[in-house]
Amino acid sequence: QSNEAIDHQDVHELNRLLFDAIQKSLQGTKQSNLIRSYYEGSTTNYTQCKQCQKIFKRIVKEFFFLIKIFICFFFKEDYQDLPLVVQDSPNLQTSLANMFTLHEHLIGDNQYRCSNCANKLCDAEKWAKISKLPPILTLPLQRFVYDIKTGNRLKKTTRYEFPFEIDLKEFCEVNNPEKI
């Protein structure tokens, strides 16, 4: 469309628009899942209630499993890229560790409402793991941060290192080695 020619897009936004356009143009053909088959992966989000020790994972279809003594509620999120936060991260390994190995503590005003504890607000931990890697993994850098003091978006231009090879096993679910 004519107004799209003057819209400013960063590479990440352009990539998403391009993938959407390709996906739409392939609907009804043998290649209708081309983008998904090459670029789509998924992550699983976990929440563990500190009171009852249950670990909750949630799948879109709300499918329940009994794992050892914990009841798990699965939630998988599909992605076509894994945006990396570069603020305070000197390299790819640190950004991935911040996304997939650090646990967020849900305490105080940010407590978790645990369905196993009669919907009480409880302290909890939250984390994510990669459950499926795509054949082609896209890692866009989120270099823009919002400066609350000035109300402006600032671009981080500090050095950020990418290795020639990466090993993502520590960021993936242990029980899915065939999808890594």
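The values are calculated or read from the model by the stated rules, or taken from the named source; none is laboratory data. Worth saying up front: this structure is predicted, and the values here are computed from it rather than measured. Note that we place each Cβ from the backbone using ideal geometry, even for glycine, and neighbour counts take in every protein chain shown. The area values use the complete protein model at the heavy-atom level, side chains included, leaving out ligands, DNA and RNA. Shrake-Rupley method; radii C 1.70, N 1.55, O 1.52, S 1.80 Å.
Which one of Asp109, Asp167 is more than 15 Å from Tyr79 (Cβ to Cβ) and either open to solvent by less than 90 Å² (accessible area, probe 1.4 Å) or over 20 Å from the mean Cα position of the chain (by Cα) (or both)?
Just a single option satisfies the conditions, and that option is Asp109.
If I filter the stretch 144-171 down to residues being among the aromatic types (Phe, Trp, Tyr) and touching a residue at least 40 places away in the same chain (Cβ under 8 Å), which single residue comes out as nearest to Tyr46 (Cα to Cα)?
Once the filter is applied, the top-ranked residue is Phe171.
Residue under question is Lys54, and the condition is that it be closer than 20 Å to Ala128 by Cβ, at pLDDT 85 or above and over 17 Å from the mean Cα position of the chain (by Cα); does it hold?
Yes; evaluated as a whole, the condition is true for this residue.
When the residues of the stretch 72-106 are narrowed to those that are surrounded by fewer than 17 Cβ atoms within 10 Å (Cβ to Cβ) and modelled with pLDDT of 90 or more, which ends up farthest from Leu139 (Cα to Cα)?
Among residues in the stretch 72-106 that are surrounded by fewer than 17 Cβ atoms within 10 Å (Cβ to Cβ) and modelled with pLDDT of 90 or more, the one farthest from Leu139 (Cα to Cα) is His105.
Out of the residues in the stretch 112-141 that are loosely packed, with under 15 Cβ neighbours inside 10 Å and not hydrophobic (A, V, I, L, M, F, W, C), state the one that is nearest to Leu84 (Cα to Cα).
Pro135
Somewhere in the stretch 148-164, is a residue out of contact with any helix residue (DSSP H, G or I) (no Cβ under 7 Å at 6 or more places or on another chain), more than 27 Å from Ser89 (Cα to Cα) and open to solvent by 50 Å² or more (accessible area, probe 1.4 Å)?
So far as the stretch 148-164 goes, no, none of its residues is out of contact with any helix residue (DSSP H, G or I) (no Cβ under 7 Å at 6 or more places or on another chain), more than 27 Å from Ser89 (Cα to Cα) and open to solvent by 50 Å² or more (accessible area, probe 1.4 Å).
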